[in-house]
Amino acid sequence: MKQPNKKRKLSMDSKERLDQDGRLEQAEEEKKPKDGTTPLSHVPSAAAQGAWSWEWYLKEQKAVAAPVELFSKDQSFPEHENGFQIGMRLEGIDPRHPSVFCVLSVAEVCGYRLRLHFDGYLSCYDFWTNAGSPDIHPVGWCEKTKHELHIPKGYRKDKFVWMDYLKACKLQNAPKKLFRNRSPNGPMPKEFQVGMKLEAVDRKNPSLVCVATIADIVEDRLLVHFDNWDDSYDYWCDVNSPYVQPVGWCQENGRTLIAPQGYPDPENFSWTEYLEATQTNAVPAKVFKMRLPHGFLPNMKLEVVDKRNPRLIRVATIVDVDDQRVKVHFDGWDHKYDYWVEADSPDIHPIGWCDVTGHPLEVPQGTNDVKIPPGQAVCPTPGCRGIGHIRGPRYSGHHSAFGCPYSDMNLKKEATLHDRLKEQTQANLESDSSHSKSKNLCSLNFNGKHEKVNSQPRILGGAGAAGASPVSVHVHGVSPPFPGPSPRQGATLQAASRRG
């Protein structure tokens, strides 16, 4: 297998962003420090300043690395170099709204990773992904596959033409050769079709199994949508994912099935009646194939993207596992920063991944002394080097607890991506139907007709199975990454309490 050479880190100047025409303009929130001090994002990591190595660290810790064979193609060492360059245009999925495909540009290149920017929007909405991600596509992909393209803010949908946009703004599209052919699991079985029903785990609330629909199919992946919920809960997965199960799985396994939001009698949900009312079909049970157990074990070492500061990858240890996830601990940090991540997440990698791809690796605190340049403001949080910000990519660094993703005041806040669609003004929403989708979801009602469904949380009810407890099922060893129930969890608990 060809290993890519180490690549130097490339980035768009932090004081610049793209305006709605794709040109660079000054971003007020990212001006250079006025006192002439070194930008916080330029402070080198301990690994860059010293001779830290995995071989030495494993021997010192008497630890073992997670075997390479446990990692999927999207997690393991890439077969090709990252050929993307800053400014290239492409199409891709909005991580906050997985059903929405957008016009994107490459804002930063670091090893095999990309920071992608939504054309026409502020940099606070930027997000990181791998160069080989299945969520990104070349210019023209949406038109070819008949997917709606969410155009840059300020453009009219009926007037936007990719080639005209690139030519007028003197932009470059990312070459098609940079987007690798996928479908590692083979073609999608023809039995899976858009609109068919199944039962699916809510990945944001893994204790919940809900009524769901196949909303889209791309190559070997399907888009799961939870009936009568907004698309922020949607996710992409392959057909062998343990998160999707056939209709009737909950009843057969003594689990509580969460009925669609607003269903008239959630405690007595009937698949037969629901399929008839919505005039839909269930995915045939015979086509579901269970994926083998992930194989990760506690105490294995690996490299993990820090979700609180996603520009960084840290040395980590697996401290717990369940059927679909692993709980990671960042070596040298307090256990209060531990969290659960899916075993198939593209943000976990085998040891040596950063070295091979040319990405900086954040090594454990105390293994090397990091030299802070004279005049550099220092974050008060132990171990934090002032990189990143709780408000996301809008700021490249911080020097106080207020902006620190690891400070106690921000610990219970999930340093997540800002939601472009929810934060748009009503005037902007009027020109794009995909925006209004996040406010009022157009969905089937229980008579098979379309109606507007309020996306605000309602009290949920579960369709109980024979012998099953009326409360929502808790998966052993699973805990939410941050304290407190989510809206769906809270609603389910209310329903359980009401049922007694």
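The values are calculated or read from the model by the stated rules, or taken from the named source; none is laboratory data. These figures come from a predicted structure and were not determined experimentally. Ideal geometry is used to build each Cβ from the backbone, glycine not excepted, and the neighbour counts take in all protein chains shown. Protein only, heavy atoms only, side chains kept; ligands, DNA and RNA dropped before computing areas. Shrake-Rupley method; radii C 1.70, N 1.55, O 1.52, S 1.80 Å.
Within the set of pairs 6 or more residues apart or between chains, which connect a residue that is in contact (Cβ under 8 Å) with a residue 60 or more places away in the chain inside the stretch 394-408 to a residue that is part of a loop (DSSP other than H, G, I, E, B) and among the charged types (D, E, K, R) with Cβ atoms less than 8 Å apart?
Cβ pairs passing all conditions: PRO405/ARG308; TYR406/ARG308.
Among the numbered criteria (1) acidic (Asp, Glu); (2) open to solvent by 20 Å² or more (accessible area, probe 1.4 Å); (3) at pLDDT 95 or above, which one does ASP164 miss?
Just one mismatch for ASP164, condition (3).
Kindly provide the set of residues from the stretch 242-270 that are under 20 Å from PHE192 (Cβ atoms), open to solvent by less than 30 Å² (accessible area, probe 1.4 Å) and not in a strand (DSSP E or B), ordered by number.
The answer is PRO242, TYR243, PRO246, GLY248, CYS250.
Just checking, does the stretch 172-193 include any residue being among the aliphatic types (A, V, I, L, M), over 30 Å from LYS73 (Cα atoms) and open to solvent by less than 30 Å² (accessible area, probe 1.4 Å)?
Looking for residues that are among the aliphatic types (A, V, I, L, M), over 30 Å from LYS73 (Cα atoms) and open to solvent by less than 30 Å² (accessible area, probe 1.4 Å), one finds none in the stretch 172-193, hence no.
Given (1) open to solvent by 10 Å² or more (accessible area, probe 1.4 Å); (2) under 17 Å from the mean Cα position of the chain (by Cα); (3) at pLDDT below 95, where does GLU81 come up short, assuming only one miss?
Of (1) open to solvent by 10 Å² or more (accessible area, probe 1.4 Å); (2) under 17 Å from the mean Cα position of the chain (by Cα); (3) at pLDDT below 95, only one is false for GLU81: (2).
Residues are listed down the side, and each one gets a yes or a no for (1) modelled with pLDDT of 90 or more; (2) of a type in the set (A, V, I, L, M):
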| site | (1), (2) |
| --- | --- |
| PRO346 | yes, no |
| GLN365 | no, no |
| VAL370 | no, yes |
| PRO373 | no, no |
| ARG391 | no, no |
| ARG394 | no, no |
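To keep it simple, each residue is scored yes or no on (1) in contact (Cβ under 8 Å) with a residue 24 or more places away in the chain; (2) over 20 Å from the mean Cα position of the chain (by Cα); (3) under 28 Å from LEU122 (Cβ atoms).
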{"site": "HIS137", "(1), (2), (3)": "yes, no, yes"}
{"site": "LEU171", "(1), (2), (3)": "yes, yes, yes"}
{"site": "LEU178", "(1), (2), (3)": "yes, yes, yes"}
{"site": "LYS190", "(1), (2), (3)": "no, yes, no"}
{"site": "ALA200", "(1), (2), (3)": "yes, no, no"}
{"site": "LYS204", "(1), (2), (3)": "yes, no, yes"}
{"site": "LEU223", "(1), (2), (3)": "yes, no, yes"}
{"site": "TYR235", "(1), (2), (3)": "yes, no, yes"}
{"site": "PRO242", "(1), (2), (3)": "yes, no, no"}
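Here are the criteria: (1) more than 24 Å from LEU166 (Cβ to Cβ); (2) modelled with pLDDT of 95 or more. Tell me which single one GLY87 does not satisfy.
Checking GLY87 against (1) more than 24 Å from LEU166 (Cβ to Cβ); (2) modelled with pLDDT of 95 or more, the one that fails is (1).
Say we look at the stretch 195-226 and pick out the residues that are over 19 Å from GLN324 (Cα atoms) and acidic (Asp, Glu); which of these is modelled with the highest pLDDT?
Taking the candidates together, the pick is ASP216.
Can you name the number of the only condition in (1) surrounded by fewer than 21 Cβ atoms within 10 Å (Cβ to Cβ); (2) assigned to a strand (DSSP E or B) that VAL304 fails?
Failing condition for VAL304: (1).
Using the structure shown, decide if LEU166 is closer than 27 Å to SER76 by Cα and among the hydrophobic types (A, V, I, L, M, F, W, C).
no
Residue under question is TYR121, and the condition is that it be surrounded by 18 or more Cβ atoms within 10 Å (Cβ to Cβ), in a loop (DSSP other than H, G, I, E, B) and either under 24 Å from the mean Cα position of the chain (by Cα) or modelled with pLDDT under 95 (or both); does it hold?
Answer is yes for this residue.
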